[in-house]
Amino acid sequence: MKKNLNKLQILQRIPAAFFAGLLVPAIVSAQNCALCYTQAAGSGERVIQALRGGILILVFPPMLICLALGAMAWKKRNQFNES
């Protein structure tokens, strides 16, 4: 059975989602590899900058694709509703 949420119930869930979002980076940062960390720390400044650039290159295209798909889904969300 589908449960319809009213605006008050949705507003009550926003703080919980906010605090969960703050907690996630702390949990994720604990998942790094010790070998990768020591290799990166032992390398020169140039390699560290290249790693940072590579991380950004690998993060932004999938994020932009997901945002574009989300925007298209949001735009078309009512197209198939029965009148």
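Every read-out reported here was derived from the displayed coordinates using simple, explicitly stated rules and does not represent laboratory data. Note that this is a predicted model, so its numbers are computed, not measured. Glycine also receives a Cβ, built like all others from the backbone with ideal geometry; neighbour counts cover every protein chain displayed.
Table for the structure above
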item: FRET efficiency, 1/(1 + (r/R0)^6) with R0 35 Å, evaluated for F80 and I48 via beta carbons; result: 0.10
item: Approximate shape of the stretch 21-75 as ellipsoid semi-axes (Cα gyration tensor, √5λ), whole Å, largest first; result: 30, 17, 7
